[in-house]
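Here's the structure we're looking at; comments come further down.
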């Protein structure tokens, strides 16, 4: 056993002892930890000294008469509910052997020992609005719980079950169904407000966060009036709040899906059949991410960035950023083609090309493939995230910005700070098999510590990182995360100017 590992175990043990002192004498309960929620008692399991509750229902199963409907409260139960196993993931394609079901509205909790109250981290997984799961091993919350943070990972309906407007296909009573996934997350946040105290969490210190689609949903929720009191600060990794349709755009997508579906009964069809049609529909649709939330005039009254600018997150704190080479994960490190409409998430190809044509002049040192990756990354992640950041600060919030520049030294994406690389850093699960594993492990320790400090209500900070200043729109202070991290003012300023007024 290494000295480094021994020291870590000592720190964790000391932290657990501190929690025990604060919460009184503590010992593991026979049969697993037991907590009482408003819906009933949950019997969980232990992961070391952490209490874990898996597959906890936060809404009724959205099946049968509730298919394509907003979530409703879960029914209470009597006796003890087994909370030792994860529930199935939401319906999706390409998930391999991962169990999935239309009955998917469950969350998972990793809770420290002791009474707390501890800060709470509610995590929304990514997956392009059509994939992903709350119980991916990288999102195991044990480490956060060992450090005094209640970690909650939540599921939501994916694809046509959560992001398709069925009003054109099923009638007016299904208006706004493109926002059902957003409503699912609101239902999960309400569950947290009502029940997290029983698990030692502080309902007044809830951080909502996510990566990729999870970050985009976090950013959208920043502009949803119904969600304003349900969380108190936000973490957005590779996000943006632009992923919403107008009602007319949603109707076009719904009509397209209906044509692909044919004449079968949407309300009684097997869930798998809907997913198969979704797969072929997505492959044929000319634009990326046609399944998305909607400005419906009700839940989402207008573009979320506009609501944020008007102060929907006033007084809240935001940690936000992107990876330098996000799109390398999707268009490949050496694409043989220029970007197409299928690569873009937010705009038409003609509008993108007008901006992209200037990249070669701006970055003459970059190869064609790096120019493509840089341009698509800006369109999909960086500029949308900056729009959220500036809107939040203008609306009276406080923020810290970052850009991840660290690159791995082997594999298909060698030399790129690609999309999702931050997940392992944040959750203290760096890759062990890469050539620069030691540097990645060191950076992961710093990033995880900085996120932990933010979750506790402090400025993000860690040993080995320079002082991380709060963001100001005039000077755009940004932490550049790398093997040797540093702070830059106005990074990529000329590139940002290319996008003024475009999105």
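Read the figures in this text as sums done on the coordinates, not as results from a lab. As the structure is a prediction and not an experimental result, all values here were calculated from the model. For neighbour counting, all protein chains shown are included, and Cβ atoms are generated from backbone atoms with ideal geometry for every residue, glycine included.
Taking the alpha-carbon centroid of each part, what is the distance from region 213-253 to region 90-105 in angstrom?
Distance between centres, Cα-based: 23 Å.
Which distance in nm do the two modelled labels at residue 265 and residue 97 give, with both placed 7 Å along the Cα-to-Cβ direction?
3.6
Based only on other Cβ atoms within 10 Å, what is the fewest-to-most ordering of 263, 75?
263, 75
Could you tell me the center-to-center distance, by alpha carbons, between region 394-461 and region 259-303 in angstrom?
34
So how do 461-471, 299-309 stack up, highest first, on mean other-Cβ count within 10 Å?
299-309, 461-471
What are the radius of gyration and Dmax of region 363-482, computed over its Cα atoms and given in Å?
Cα only, region 363-482: 15.5, 44 Å (Rg, Dmax).
Go ahead and run the numbers for FRET between residue 434 and residue 283, Cβ-Cβ distance against an R0 of 30 Å, rounding to 0.05.
The pair residue 434/residue 283 has a calculated efficiency of 0.35.
Using only the Cα atoms of region 167-306, construct the convex hull and provide its projected area averaged over every direction, in square nanometres to one decimal.
Hull-based average projected area comes out at 9.8 nm².
For the peptides 222-235, 432-445, what is the packing order when you average, over each peptide's residues, the other Cβ atoms within 10 Å and list the highest mean first?
Highest mean packing first, the order is 222-235, 432-445.
With each pseudo-label sitting 7 Å past Cα toward Cβ, what's the residue 65-residue 409 distance in nm, one decimal?
My value for the distance between the label points is 6.3 nm.
Ranked by Cβ crowding within 10 angstrom, fewest neighbours first, how are 326, 414 ordered?
With the sparsest Cβ surroundings first, the list reads 414, 326.
Let me check against my output: what whole-number percent is the relative contact order of the chain, with C-alpha pairs under 8 Å and at least 6 apart?
Once divided by the residue count of the chain, the mean separation gives 12 percent.
When the Debye formula is applied to the Cα atoms of region 367-410, each taken as the same point scatterer, what base-10 log of I(q)/I(0) results at q = 0.15, 0.21, 0.33 Å⁻¹?
At q = 0.15, 0.21, 0.33 Å⁻¹ the computed log10 ratios are -0.53, -0.81, -1.11.
Based on DSSP H runs of at least 4 residues, each adding -39500 (n - 2.57), what is the mean residue ellipticity at 222 nm of the chain after dividing by all its residues, to the nearest 500 deg cm²/dmol?
-9500 deg cm²/dmol, from helical runs alone.
Consider a paramagnetic label point 7 Å from the Cα of residue 84 along Cα→Cβ; state which residues of region 31-45 have an amide N under 11 Å from it.
The answer is 31-33, 43-45.
How high is the relative contact order of region 32-313, given as a whole-number percent (alpha carbon pairs under 8 Å, six or more residues apart)?
The value is 18 percent.
If each Cα of the chain is one equal point scatterer, what is log10 of I(q)/I(0) from the Debye formula at q = 0.09, 0.13, 0.14 Å⁻¹?
-0.62, -1.33, -1.53
Reported to two decimal places, what Rg/Rh ratio describes region 21-170 when computed on Cα atoms with Rh from the Kirkwood expression?
Rg/Rh: 1.01.
Please report the Cα spread of region 108-159 along all three principal axes, rounded to whole Å, starting with the longest.
Cα spread of region 108-159 along its principal axes, largest to smallest: 39, 17, 12 Å.
Taking 0.36 nm per intervening residue step and subtracting the Cα-Cα distance, what contour gain separates residue 420 from residue 246 on full extension?
So the extension gain works out to 59.8 nm.
Using mean Cβ contacts within 10 Å as the protection proxy, how do 52-60, 474-482, 28-36 order, highest first?
In descending order of packing, they fall as 52-60, 474-482, 28-36.
Grab the eigenvalues of the alpha-carbon gyration tensor for region 32-313, scale each by 5, take roots, and send me the semi-axes largest first in whole angstrom.
Calculated on Cα positions only, the semi-axes equal 31, 21, 16 Å.
Return the distance in nm (one decimal) between the two label points of a simple spin-label model at residue 357 and residue 34, each offset 7 Å from Cα along Cα→Cβ.
7.2
Can you pull the Kirkwood radius for region 238-329, inverse mean 1/r over Cα pairs, to one decimal in Å?
16.1
To make sure I understand, if each residue's beta carbon is the centre and we count other beta carbons within 10 Å, what order do 366, 170, 455 fall in, fewest to most?
Fewest-to-most Cβ neighbours within 10 Å comes out as 366, 170, 455.
To the nearest 0.05, what FRET efficiency results for residue 494 and residue 350 with a Förster distance of 30 Å applied to their C-beta separation?
About 0.85, to the nearest 0.05.
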